[in-house]
1. Taking amide hydrogens as modeled 1.01 Å from N in the peptide plane, which residues meet the under 5 Å criterion relative to I171, leaving out close sequence neighbours?
2. Roughly how many Å² of T92 are accessible to a 1.4 Å probe, to the nearest 10?
3. Structure shown: which of K74/K141; K74/K142; K142/K211; K105/K284 lie over 32 Å apart, alpha-carbon to alpha-carbon?
4. For S172, what accessible surface area do you get with a 1.4 Å probe? Give it in Å², rounded to 10.
5. Relative to the present Cα-Cα distance, how much length would full extension add between L116 and Y4 at 0.36 nm per residue of separation?
6. Convert each backbone phi in the stretch 171-181 into a coupling constant with the Karplus relation 6.51 cos²θ - 1.76 cosθ + 1.60 (shift: θ = phi - 60°), then list the ³J(HN,Hα) values in order as whole Hz, x for Gly and Pro.
7. Each residue of the stretch 237-252 in order: what ³J(HN,Hα) in whole Hz does its phi give by Karplus 6.51 cos²θ - 1.76 cosθ + 1.60, θ = phi - 60°, with x for Gly and Pro?
8. With a ≥ b ≥ c the root eigenvalues of the C-alpha gyration tensor of the stretch 47-100, is it rounded (a/c under 1.5), prolate (a/b larger than b/c) or oblate?
Amino acid sequence: MQIYLPIAEVSVNAFLLLGLGGLVGVLSGMFGVGGGFLMTPLLFFIGIPPAVAVATEANQIVASSFSGVLAHFKRRTVDLRMGTVLLIGGLTGAAIGVVLFNYLKALGQVDLLVKLCYVVFLGIIGGLMFIESLNAIRRSKKNTGPIKRKNHNWIHGLPFKMRFRVSGLYISVIPILLVGVFVGILSAIMGVGGGFIMVPAMIYLLGMPTKVVVGTSLFQIIFVTAFTTLLHATTNFTVDMALAVLLLVGGVIGAQFGAMIGTKLKAEQLRILLAMMVLGVCFKLGLDLLIEPSELFSLGAVGGH
């Protein structure tokens, strides 16, 4: 059943979109990730223009993050003060990212930038996850236990300190703002929530307790991705609601199955599977950039999508 996407200006099989949403929903339920960093490249593969894929996926992340953060509020594992500081940085970063996105779109280079960003970040993150997962599996076999993480580093010596009671921290707001700005820029350019970078940064860089990290990250992601979607919708007109709804329906259904599957696998096995999938998507995107396309030229309006 073909459905015409008015903003993307392409016809796509509706069941294919539901299936992609379901697949990423399964991954979200299994691995505890938003899935934006995998969904957006998958949309590239089925012919959705990168500008539309980025803006629409940011829109979908708002809904999935909102449902997730409600559960964390009930458990009282959201540090609102930390989330607010991250949010200030995130909104600033999102505005910078959209300005950069628009400039490159006017030059006709935005598709290349988005794909290069994905190749670089997926390659780095997938590689690090794969190595860490292998080491975790080796440690579990030797029964040496997990590596202990230091609670204090050079970050804790910076000025402009603030107390975050829920996280049990008294640290400078400078690194928190910088993490927020960086994730905001990524959200605008890559159409991701940024949790795959923010969560490790909050744990290893800021020293936050793991139980508070996910809820606080989701709290910030909701507002940053909503702001990003609004900017893309009003300046680029690249948010395709028909596409977003189909992906969201598939994602909600898939997440339920993913949660059931996730309970039957060990954490190390889940991480190494996710790492292999991330590296696979990275390899396919890199290959598409290197191989000569079948059509060397395409026609379109200047600055249009």
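1. The list, which skips near neighbours in sequence, is M162, F164.
2. Approximately 70 Å² of T92 is accessible to the 1.4 Å probe.
3. K74/K141; K74/K142
4. That residue has around 0 Å² of solvent-accessible surface.
5. 37.5 nm
6. Taking θ as phi minus 60°, the curve returns 9, 5, 7, 4, x, 5, 4, 5, 4, x, 4 Hz for the stretch 171-181.
7. 6, 10, 8, 9, 5, 4, 5, 4, 5, 4, 5, 5, 4, x, x, 4
8. oblate
The values are calculated or read from the model by the stated rules, or taken from the named source; none is laboratory data. Computed from a predicted structure; not experimentally measured. Cβ: placed from backbone, ideal geometry, glycine included. Neighbour counts: every protein chain shown. Remember, those area values only see protein heavy atoms, side chains included, never the ligands or the DNA or RNA. Shrake-Rupley method; radii C 1.70, N 1.55, O 1.52, S 1.80 Å.
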